[in-house]
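The values are calculated or read from the model by the stated rules, or taken from the named source; none is laboratory data. Since we're looking at a predicted model, the values are computed, not measured. When we count neighbours, we look across all protein chains shown, and the Cβ atoms used for this are built from the backbone with ideal geometry, even at glycine. Side chains included, ligands, DNA and RNA excluded: accessible areas come from the protein's heavy atoms. Shrake-Rupley method; radii C 1.70, N 1.55, O 1.52, S 1.80 Å.
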Amino acid sequence: MTMPLRLLCLDIEGGYGGSSRSLHETLRHIDRNLVEPVVWCRKEGPIQNQYRALGINTRVMPAMPTITALPRLSRNLYAFGHFILQDWPRSTRFRHALLEAVPQFDLIHCNHESLFFVGRWLAPRTSTPITFHIRTNLWDSAFARFEVRTIANTATNLVFITENERDTFQRHLGGEPQGQVIYNPAAPPESPPSPYPGIAGDSRLRLASLSNFSWGRGVDRLIDLAVSLAARGRRDILFVVAGNMRLTASLPGKLGEVARAGGTLVDYAKARGVADMFMFLGHVSMPESVLIGCDALIKLSREANPWGRDIIESLAMSRPAISLGRWDTFISDGETGILHETFQPDALTDDIIALADNRGRVAEMGCAGRDRIAQLCDPSARAGDMAQFWQEAADIPG
């Protein structure tokens, strides 16, 4: 009988972010006769107890060093400088522990591309294969191209969460990458959580946002949308916003003014006269409780990426998603949610008013989204794909 593949997964999070949650969902459904995983997490979080309940060994390694290319040159110079001068030297114990542990495993899986420096350092020091999960679309820059080429030269094989990440990687690489697309797994919770307190009793159309504030994530666009709705006399929409809403002083316009005065997005909503249309929750440890208490998810990212963890989990829970972009594999406009190519508040306002006036249509789209995710992101099927991917990378017969 063939022994299972001994797999070490390096997780940059601890259960709070999408990459961590996706890895856990994969390993929860993996055939343990094929793959025997161990997980090292960079952060303490709820995921460790969840892994232990599955009989999966886990360790918290806070010195695990991470770095990734950023959109602006100044930010890259600062981030990479800080990494080289501080984070990397502080990771000596982690790297020693990793090198000592590697002989116990058949394969090392870096669950996020921000571990590319770890892979670059480890590859010449071991014959154990290394795989990478490519989960983001880097903005084009010399730093992004360096990161991508480093990964391509380090990894035995790559897995991309959608065709979009593969295409972006290929552009930065300047050639066809080695690897395959495997969608993230998602399933509705086995025991649906109770709705977050105070949400379910509200009769307004409730739209959930599950992103910490950043300019790229576009959470501030919810304020613009609320202003557009209010101008039409439609204050019967409630935006339920989970996450850290701290602003940075470098933001443009009124947002920057509020930030420099010490305010948050909460204060920005007040300044725009639409605070009554928002419920700001701060950090929520169980985002499912927010989704289950709302009618739909809304994500107006400036990166136009309608396929993140929050979107597939929303659809899996029969909640349609409202987002921006062209890729319509998960969100099909009018079928499983609302998808616009660009952010046009008036056009989105039309669609949201239509949803508020036809709750039955919201439920229909939710059911269609659930069925689509059940087909494309079935956890057992996608875990089987990942098991095969890892076995092939380690050259172990399936």
* Asked: What does the charge count near R166 come to, summing +1 for each Lys or Arg and -1 for each Asp or Glu among other residues with Cβ under 13 Å from its Cβ?
  -> -3
* Asked: Non-local amide H neighbours of F160 (under 5 Å, H modeled in plane, Pro and chain starts lacking H): which ones?
  -> I134, Q180, V181, I182
* Set the Förster distance to 56 Å, then compute FRET efficiency between N244 and T2 from the Cβ-Cβ distance, nearest 0.05. => 0.75
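At a 10 angstrom cut-off on C-beta neighbours, averaged per residue, how do the peptides 237-244, 187-194, 56-63 rank from highest to lowest?
Values: 237-244: 22.1, 187-194: 12.2, 56-63: 15.4.
Those peptides, ordered most packed to least, come out 237-244, 56-63, 187-194.
Could you compute the FRET efficiency for M286 and Q178, with r as their C-beta to C-beta distance and R0 at 35 Å, rounded to 0.05? Write out the running numbers ahead of the final one.
Numbers: r = 38 Å, r/R0 = 1.07.
Given R0 = 35 Å and the Cβ-Cβ separation, E is 0.40.
Counting other C-beta atoms within 10 Å, and keeping those with at most 11, which DSSP coil chymotrypsin sites (Phe, Trp or Tyr not before Pro) do you find in region 81-129?
Details: sites: F83, F94, F105, F116, F117, W121; in loops: F105.
Hits after loop and neighbour filter: nothing returned.
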* In nanometres, what is the gap between the two model label sites at A231 and I84, each 7 Å from Cα along Cα-to-Cβ? -> 4.8 nm
* Structure fact -> With the chain reduced to its Cα atoms and the Debye formula applied, log10 I(q)/I(0) at q = 0.06 1/Å amounts to -0.25
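Test of the criteria: in region 24-116, which GluC sites (Glu not before Pro) are in a DSSP loop and have at most 15 other Cβ atoms within 10 angstrom of their Cβ? Could the numbers behind the result be given before it?
On the way: sites: E25, E44, E100, E113; in loops: E44.
Answer by residue number: E44.
Assuming R0 = 41 Å, can you tell me the calculated FRET efficiency for the pair E163 and A347, based on Cβ-Cβ distance, to the nearest 0.05? Before the final figure, lay out each step's value.
Working: r = 26 Å, r/R0 = 0.64.
My answer for the efficiency is 0.95.
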* Asked: In the chain, which helices (entire DSSP H runs) extend 24 Å or more along their own long axis, judged by Cα positions, while averaging at least -1.0 on the Kyte-Doolittle scale?
  -> 359-376
* To do: Let me know the charge dipole size of the chain about its Cα centre in debye, to the nearest 20, where only the beta-carbon of Lys, Arg (+1) and Asp, Glu (-1) is charged.
  => 1220 debye
* Structure fact -> Asserting the computed 222 nm helical MRE of the chain (DSSP H runs at least 4 long, -39500 (n - 2.57) per run, divided by residue count, to nearest 500) equals -11500 deg cm²/dmol
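Taking a ≥ b ≥ c as the square roots of the Cα gyration tensor eigenvalues, with a/c under 1.5 meaning rounded and otherwise prolate when a/b beats b/c, else oblate, which class fits region 190-247? Numbers along the way, then the final one.
Working: a/c = 2.76, a/b = 1.14, b/c = 2.41.
Judged from the Cα gyration tensor, region 190-247 comes out oblate (a/c at least 1.5, b/c at or above a/b).
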* Name all residues of region 349-385 having a backbone nitrogen under 18 Å from the label point set 7 Å from the Cα of S332 along its Cα→Cβ direction, giving them as ranges. => 361-378
* State log₁₀ I(q)/I(0) for region 286-398 at q = 0.17 Å⁻¹ as given by the Debye formula over alpha-carbon point scatterers of equal weight, solvent excluded. => -0.79
* **Total charge dipole magnitude, region 148-286, about the Cα centre, Cβ charges on Lys, Arg, Asp, Glu only, Debye to nearest 20** => 440 debye
* Asked: What are the ³J(HN,Hα) values, in whole Hz, obtained from phi via the Karplus relation 6.51 cos²θ - 1.76 cosθ + 1.60 with θ = phi - 60°, for each residue of region 317-331 in sequence order, with x given for Gly and Pro?
  -> 8, 6, 10, x, 10, 10, 7, 10, x, 9, 6, 10, 5, 8, 9
* What percentage of the solvent-accessible surface of the chain, computed with a 1.4 Å probe over protein heavy atoms, is contributed by carbon and sulfur atoms? -> 49 percent
